[in-house]
Amino acid sequence: MALWDRIKDSAQTMQSQLVAKKNDLKSGAFRDASMAMCALVSAADGSVDPAERQRVAALIGSNEVLQNFPADDLRQRFNKYADQLTADFDFGKIGVMQEIAKVKKKPAEARAVIQIGIVIGGADGDFDAQERKVVRDVCFALDIPPAEFDL
């Protein structure tokens, strides 16, 4: 199987698992951690260009699990985190990781945040090394083995 097909299959599997847990994923901490994860994956290469912001915003708006929250609220939170990471990636990453860490004590939410990162990273068909690295970093921060997600 080609790498592209594996990435696509993995992202689809993650999305299906997220939809199955949709009713359990309604907390503010999950909302904020998810948007922080989306921004982190988007900025993994050190920048978030306008086209990438639009693409991620569209994915966020169309993601069935994230429809538990108002789209404008999600967009504002995503942009806030993306701006922090764009201004100073290393410093911004600290704040974003602190936001993500708030779901650490809720394993279902923590795993869902990681799955969202994989879905966002694989959405363009290229879950690249930088994106995989930031998702792995989140796994370590949440005390979840990256191998559980083939990372």
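Each reported figure results from applying straightforward, stated rules to the coordinates on display, with no laboratory input. Source: prediction; values computed, not measured. As a convention, Cβ positions derive from the backbone with ideal geometry for all residues, glycine included, and neighbour counts pool all protein chains shown.
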R0 of 22 Å, Cβ-Cβ distance Ser47-Arg75: FRET efficiency to nearest 0.05: 0.75
Pairwise FRET efficiency - Asp90 versus Asp128, Cβ, R0 = 30 Å, nearest 0.05: 0.95
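If you place +1 on the Cβ of every Lys and Arg and -1 on the Cβ of every Asp and Glu, how big does the dipole about the Cα centre of region 48-126 come out, in debye to the nearest 20?
On the way: 11 positive and 12 negative charges, 91 e Å.
Once rounded to the nearest 20, the dipole reads 440 debye.
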Rounded Å value of the spacing that divides the Cα centres of region 102-123 and region 39-72: 14 Å
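For region 42-131, would you read off the P(r) tail past 22 Å as a percentage of all alpha carbon pairs? Mind dumping the intermediate values first?
Values: 963 of 4005 pairs.
Of the Cα pairs, 24 percent sit more than 22 Å apart.
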Table column - 3J(HN,Hα) (Hz), region 135-141, Karplus curve with 6.51, -1.76, 1.60, x for Gly and Pro: 5, 4, 4, 5, 4, 4, 5
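Give, rounded to the nearest 20 debye, the magnitude of the charge dipole that region 27-86 has about its Cα centre when Lys and Arg contribute +1 at Cβ and Asp and Glu contribute -1 at Cβ. If you can, show how the numbers build up before the last one.
Working: 6 positive and 8 negative charges, 16 e Å.
Computed charge dipole of region 27-86: roughly 80 debye.
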Interchain or long-range residues, amide H under 5 Å from Asn63's placed H: none
